[in-house]
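The values are calculated or read from the model by the stated rules, or taken from the named source; none is laboratory data. These figures come from a predicted structure and were not determined experimentally. As a convention, Cβ positions derive from the backbone with ideal geometry for all residues, glycine included, and neighbour counts pool all protein chains shown. Note: accessible area is taken over every heavy atom of the protein model, side chains too, but ligands, DNA and RNA are not part of it. Shrake-Rupley method; radii C 1.70, N 1.55, O 1.52, S 1.80 Å.
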Amino acid sequence: MTGAAPPLLNGLSVDVEDWFQVGAFERVIARDSWDALERRVEANCDTILRLFDDAGVKGTFFTLGWIAQRHPQMMRRIAAMGHEIASHGWDHARVFTMDATSFAADLHRARSVLEDVSNSAVTGYRAPSFSIDARTPWAHEVLAEQGYLYSSSVAPIVHDHYGWREAARFAFRPVCGADLLEVPVTTVEVGNRRMAAGGGGFFRVLPYTVSRWAISRVNSHDRRPALTYFHPWEIDPGQPKVPHAPLRSRLRHYTNLAGMADKMRRLLADFRWGRMDELVRNERERMA
Ligand SMILES: [Zn+2]
């Protein structure tokens, strides 16, 4: 064997929701007030699409059914540019607040709108706030029953909003005899310490070099693909401020919004990125 192995293909993803739909603000902004609030998701998605296009990369857009229903043109634009449309559920209800029946209905409702407006097949799912965990042993079975090929819904870590510490760090088959693959959010391990390193606040709040180090470590030390995720509101310093949210949530939500686009450009240039369904195909081959 000569020469270095080609760089691993990492998964690039966007969780498409608006500034008022994030889990951290759930208690202060009621769902029935959403329609009265200013929607900024479409302009922010267009910025992200330009960033991806400039870098020549394709990614996966895990979109809420609620958003897709109100922004069909945006969905068609995303799909037409070669990105994958996947599901983020209907209205950001966390999976552990549902039961198997209501989860199945939520999945079905979101998927039919997503497929309808984008005219593309939806085979991937990401749970709002990575809310598939030890409390939802039925969730992967429901996804398999509905024919999903992958889920990226588990955080093998403890966090104040989510986490399933005992879950595997890399792709696994959660349902015996089913094709479904779960691709957990990326974590990095040093000694016996494990950190979430997949994106969101980790990427935005900490210096870029920390993310670069973490993804390099996963690619070279673990020899596995990493995944990253962004939210459209993370590149939007002009979004309305939510005054009554918990201080900790506000600090995390509003930090470094202005520097985000530059950071994303560096990340996109420093690693090899692709759609989640591509990463899943590679993982499936590796596991075969
Ligand atoms: Zn979300």
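Structure values in brief
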| quantity | calculated |
| --- | --- |
| Built amide H within the under 5 Å cut-off of residue 10, gap 5+ | 272, 273, 274 |
| Three-way shape call for the chain based on the alpha-carbon gyration tensor, with the a/c threshold at 1.5 | rounded |
| Solvent-accessible area per residue, Å², over the stretch 144-255 with all protein chains present [probe radius 1.4 Å] | 45 |
| Stretch in the chain that is longest and holds no GluC sites (Glu not before Pro) that DSSP places in a loop and that have at most 16 other beta carbons within 10 Å | 39-165 |
| Rounded accessible area of residue 277 (nearest 10 Å², 1.4 Å probe) | 30 |
| Shape call, the stretch 1-159: gyration tensor on alpha carbons, a/c limit 1.5 | oblate |
| Label zone at residue 81, where the point sits 7 Å out along the Cα-to-Cβ direction: the stretch 37-64 residues whose backbone N lies under 12 Å | 42-61 |
| Positive-pole candidate from 233, 190, 221, dipole of the stretch 171-283, charges at beta carbon | 190 |
| Considering only the chain, percent of DSSP beta bridges that pair antiparallel, nearest 5 | 20 |
| Dipole magnitude of the chain about its Cα centre (Cβ charges: Lys, Arg +1; Asp, Glu -1), debye to nearest 20 | 920 |
| Anisotropy class of the stretch 166-288 from Cα gyration tensor, a/c 1.5 cut | prolate |
| Amide H within-cut-off set for residue 86, under 5 Å, with H built and near neighbours excluded | 61, 62, 63 |
| CD proxy at 222 nm, helix term only [per DSSP H run n ≥ 4: -39500 (n - 2.57); per residue of the chain; nearest 500] | -11000 deg cm²/dmol |
| Cleavage-rule hits (trypsin sites (Lys or Arg not before Pro)) in the stretch 209-288: DSSP loop, at most 15 neighbouring Cβ within 10 angstrom | 223, 241, 272 |
| Carbon + sulfur, % of accessible area of the stretch 191-264 - ligands and nucleic acids excluded, 1.4 Å | 56 |
| Surface share of carbon and sulfur [accessible, 1.4 angstrom probe, percent] for the stretch 11-133 | 47 |
